[in-house]
Amino acid sequence: MARAWFPRAALAALLLTTAACADDEPLVAPAPTLEPFLRQTLTWESCENYPGGAGLSAEGIECARVTVPLDYADPVGETARIAISRLRARGERVAAILTNPGGPGGPGLDMPRMLAKTPLAERFDVIGMDVRGLGASTPLVRCPSAEETRTEQLILGVGHTFGEVDQLEEEAEDYAVSCAAGSGRKLLSHVGTVDVARDLDVIRTVLGEQKLTYFGGSYGTRLGSTFAEMFPDRVRAMVLDGPIDPAADMADPVADAAAFQRAFEAYAADCATLPDCPLGTDPRQATEVYRKLTLPLIDRPAATTDQRGVDFFDAVDGVVASMYSPKLWPDLTAALAELSRGRGDALQAITTGHSESVGLGVHLAVKCLEEVRVTDRAQVTQQERRIREVAPIFDSGLPITESPLDVCAFWPVSPNWQPHPPVITGLPKVVVVASTGDPATPYERGVRLAEALDAPLITYEATQHGVAFEGVRCVDEPVMKYLIELVPPPDTRCAQQR
């Protein structure tokens with residue numbers, strides 16, 4: 001693992017001072033500071049040699065790495081290097097805006113490309129980043145890939161697994177041990193939200209920004225609210241979209257399952273308006289039609305070109321991935337239509353894209369560090385029963401006798417942070433954006449985040465996860481006015497535009 005990026009001798013000269021005192025008094029070394037990190041100069045370069053950076057430079061995006069302490073309590077110890085990207089403002093520049101797409105573990109180096117055609121890129125330098133442990137940043141969290149495990153569901157503890165409970169838990173424990181062996185316990189202890197918030201502050205400083213301008217989606221709202229609690233006087237403006245309740249776990253499996261069921265029903269109602277909808281023309285029957293289409297996949301996976309096949313739980317993953325935006329619904333409709341003809345290639349493509357959208361190792365490392373760990377099988381089993389009750393699209397029909405504990409029950413690093421109501425003074429107004437039909441972070445969590453931060457809430461009546469800079473005028477216009485002029489909008493509610 002990389003050592004400090006500055007010469008040891010120079011560091012010693014910086015930290016050791018001789019006080020004007022009696023000759024018999026010893027030299028005193030003051031506590032190490034972050035000053036060397038804050039004074040570093042960035043070297044902007046092509047993104048082509050950065051993992052995940054292919055094609056960015058051709059679009060005018062440049063990349064650099066920022067050195068930060070691996071452990072902020074030990075700034076003279078080991079270091080990490082955070083990969084960032086920048087797309088310069090096309091017009092009159094206001095500031096640099098740091099971004100995070102969520103996850104946790106969502107690669108962020110290409111965020112400037114994703115936002116390049118939005119109003120944001122007109123007035124702001126858009127900064128993307130791969131958080132510590134991820135992508136082009138170093139050192140990396142190294143865990144077995146989803147393909148190297150029996151199923152991603154085993155690792156994520158969704159309960160969608162076959163096999164004996166003891167064996168499944170042994171596999172989950174083996175996975176956790178492999179993560180520790182491949183990554184190192186120290187790194188796994190320092191990839192959480194608080195460390196990343198501190199990284200944001202170092203990046204803000206080396207970019208020359210007096211205060212932070214920030215846009216975060218999904219888990220990125222947890223990162224934003226944590227920064228706001230830690231450094232309220234260093235916030236210029238902050239937009240938090242697809243929000244997480246700061247006082248609760250990032251996920252509530254039962255509530256989230258219910259939200260995805262509601263999103264599926266909204267999709268089915270939309271699909272029913274099409275003459276060839278594979279779920280039929282009666283939305284009330286769509287869940288049952290879907291289950292009749294997918295339950296046979298438990299015993300007979302649908303054929304795919306690569307011979308892997310698509311089973312029931314792959315179909316569930318494909319549906320979940322498609323609920324994030326109505327823009328994805330046509331692809332799901334085409335995939336279900338193909339599935340009705342016995343083929344699973346289109347559904348497999350959706351599932352594969354979804355599984356690759358987040359770094360699983362970093363996701364688990366943060367989740368296991370920061371959420372309540374469930375170590376009681378009976379609690380997990382009851383949770384699985386409740387999921388099936390509130391969300392029949394997840395119900396495989398297989399008997400539930402006992403459900404296995406997920407990987408966090410065996411995680412080799414102790415929790416180091418827990419959700420809590422933030423206590424903040426001196427925070428300027430920030431803005432929260434939430435969709436009423438958000439399947440991944442249900443709307444109520446946005447309400448609670450806005451209340452916790454005393455922030456105006458922009459409510460969008462639609463079924464999707466994330467709204468800002470998706471081309472919705474009634475959201476983007478007040479958000480841009482706020483980011484440029486620092487004039488927060490009042491609480492606002494607007495309907496889906498067609």
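The values are calculated or read from the model by the stated rules, or taken from the named source; none is laboratory data. For clarity, every value in this text was computed on a predicted model and none was experimentally measured. Glycine also receives a Cβ, built like all others from the backbone with ideal geometry; neighbour counts cover every protein chain displayed. Accessible surface areas use protein heavy atoms only, side chains included; no ligands, DNA or RNA. Shrake-Rupley method; radii C 1.70, N 1.55, O 1.52, S 1.80 Å.
Test Tyr214 against the stated conditions and say whether it is out of contact with any strand residue (DSSP E or B) (no Cβ under 7 Å at 6 or more places or on another chain), among the aromatic types (Phe, Trp, Tyr) and closer than 17 Å to Leu98 by Cβ.
Working: out of contact with any strand residue (DSSP E or B) (no Cβ under 7 Å at 6 or more places or on another chain): no; among the aromatic types (Phe, Trp, Tyr): yes; closer than 17 Å to Leu98 by Cβ: yes.
No, not satisfied.
Looking at the range 50-71, I want the residues that are in contact (Cβ under 8 Å) with a residue 24 or more places away in the chain and more than 20 Å from Val196 (Cα to Cα) and have a partner that is assigned to a loop (DSSP other than H, G, I, E, B) and open to solvent by 30 Å² or more (accessible area, probe 1.4 Å) with Cβ atoms under 6 Å, at least 6 apart or on another chain. Which pairs are those?
That search, which allows pairs on different chains as well, returns Glu62/Trp44.
Condition check ((1) among the hydrophobic types (A, V, I, L, M, F, W, C); (2) more than 30 Å from Arg300 (Cβ to Cβ); (3) at pLDDT 95 or above) across all residues:
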| position | (1), (2), (3) |
| --- | --- |
| Pro399 | no, no, no |
| Pro404 | no, no, no |
| Asn416 | no, yes, no |
| His420 | no, yes, no |
| Tyr443 | no, yes, yes |
| Ile458 | yes, yes, yes |
| Val475 | yes, yes, yes |
| Lys481 | no, yes, yes |
| Pro490 | no, yes, yes |
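Please enumerate the residues belonging to the range 182-198 that are open to solvent by less than 20 Å² (accessible area, probe 1.4 Å) and more than 26 Å from Ser145 (Cα to Cα).
Matches in the range 182-198: Ala197 only.
When the residues of the range 292-309 are narrowed to those that are open to solvent by less than 40 Å² (accessible area, probe 1.4 Å) and part of a helix (DSSP H, G or I), which ends up nearest to Ala257 (Cα to Cα)?
Thr294
Just name the residue that is farthest from Glu288 (Cα to Cα) out of those in the range 331-359 that are outside any helix (DSSP H, G or I) and open to solvent by 10 Å² or more (accessible area, probe 1.4 Å).
Here the residue is Gly359.
Within the range 251-273, take every residue that is part of a loop (DSSP other than H, G, I, E, B) and under 20 Å from Thr436 (Cβ atoms) and give me the one that is farthest from the chain's Cα centre (by Cα).
Going through the range 251-273, the residues part of a loop (DSSP other than H, G, I, E, B) turn out to be 251-252, 272-273.
Remaining after also requiring under 20 Å from Thr436 (Cβ atoms): 251-252.
Numbers: Ala251: 12, Asp252: 15 Å.
The qualifying residue farthest from the chain's Cα centre (by Cα) is Asp252.
Consider Arg93 carefully, then state whether it is open to solvent by 30 Å² or more (accessible area, probe 1.4 Å), in a strand (DSSP E or B) and either hydrophobic (A, V, I, L, M, F, W, C) or touching a strand residue (DSSP E or B) at 6+ places or on another chain (Cβ under 9 Å) (or both).
On the way: open to solvent by 30 Å² or more (accessible area, probe 1.4 Å): yes; in a strand (DSSP E or B): no; either hydrophobic (A, V, I, L, M, F, W, C) or touching a strand residue (DSSP E or B) at 6+ places or on another chain (Cβ under 9 Å) (or both): yes.
Considered against the rule, which asks whether it is open to solvent by 30 Å² or more (accessible area, probe 1.4 Å), in a strand (DSSP E or B) and either hydrophobic (A, V, I, L, M, F, W, C) or touching a strand residue (DSSP E or B) at 6+ places or on another chain (Cβ under 9 Å) (or both), Arg93 comes out as no.
Tell me which residues, restricted to the range 274-290, are touching a residue at least 60 places away in the same chain (Cβ under 8 Å), surrounded by fewer than 19 Cβ atoms within 10 Å (Cβ to Cβ) and in contact with a Ser or Thr (Cβ under 9 Å, 6 or more places away or on another chain).
Correct list: Asp276 only.
For (1) in contact with a strand residue (DSSP E or B) (Cβ under 6 Å, 6 or more places away or on another chain); (2) without any contact (Cβ under 8 Å) to a residue 40 or more places away in the chain, each residue gets a yes or a no:
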{"position": "Gly353", "(1), (2)": "no, yes"}
{"position": "Val358", "(1), (2)": "no, no"}
{"position": "Leu369", "(1), (2)": "no, no"}
{"position": "Gln382", "(1), (2)": "no, yes"}
{"position": "Ala391", "(1), (2)": "no, no"}
{"position": "Pro415", "(1), (2)": "no, no"}
{"position": "Val423", "(1), (2)": "no, no"}
{"position": "Ser435", "(1), (2)": "yes, no"}
{"position": "Ala440", "(1), (2)": "no, no"}
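Does the range 145-163 include one or more residues that are under 30 Å from Leu98 (Cβ atoms), modelled with pLDDT under 95 and part of a loop (DSSP other than H, G, I, E, B)?
Scanning the range 145-163 turns up at least one residue that is under 30 Å from Leu98 (Cβ atoms), modelled with pLDDT under 95 and part of a loop (DSSP other than H, G, I, E, B).
Anything in the range 291-311 that is farther than 12 Å from Leu336 by Cα and touching a residue at least 60 places away in the same chain (Cβ under 8 Å)? List them, or say none.
Residues satisfying the conditions are Leu295, Ile298.
Out of all the residues in the range 224-240, which are open to solvent by 10 Å² or more (accessible area, probe 1.4 Å) and of a type outside the set (A, V, I, L, M, F, W, C)?
Across the range 224-240, the qualifying residues are Glu229, Pro232, Asp233, Arg234, Arg236.
Would a scan of the range 105-118 turn up a residue that is closer than 22 Å to Thr213 by Cβ, open to solvent by less than 10 Å² (accessible area, probe 1.4 Å), acidic (Asp, Glu) and in contact with a strand residue (DSSP E or B) (Cβ under 7 Å, 6 or more places away or on another chain)?
No, the range 105-118 has no match at all.
Conditions (1) within 30 Å of Leu295 (Cβ to Cβ); (2) open to solvent by less than 40 Å² (accessible area, probe 1.4 Å); (3) part of a helix (DSSP H, G or I); (4) touching a Phe, Trp or Tyr at 6+ places or on another chain (Cβ under 7 Å), marked per residue:
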residue: Tyr324; (1), (2), (3), (4): yes, no, no, no
residue: Trp329; (1), (2), (3), (4): yes, yes, yes, yes
residue: Pro419; (1), (2), (3), (4): no, yes, no, no
residue: Pro422; (1), (2), (3), (4): no, yes, no, no
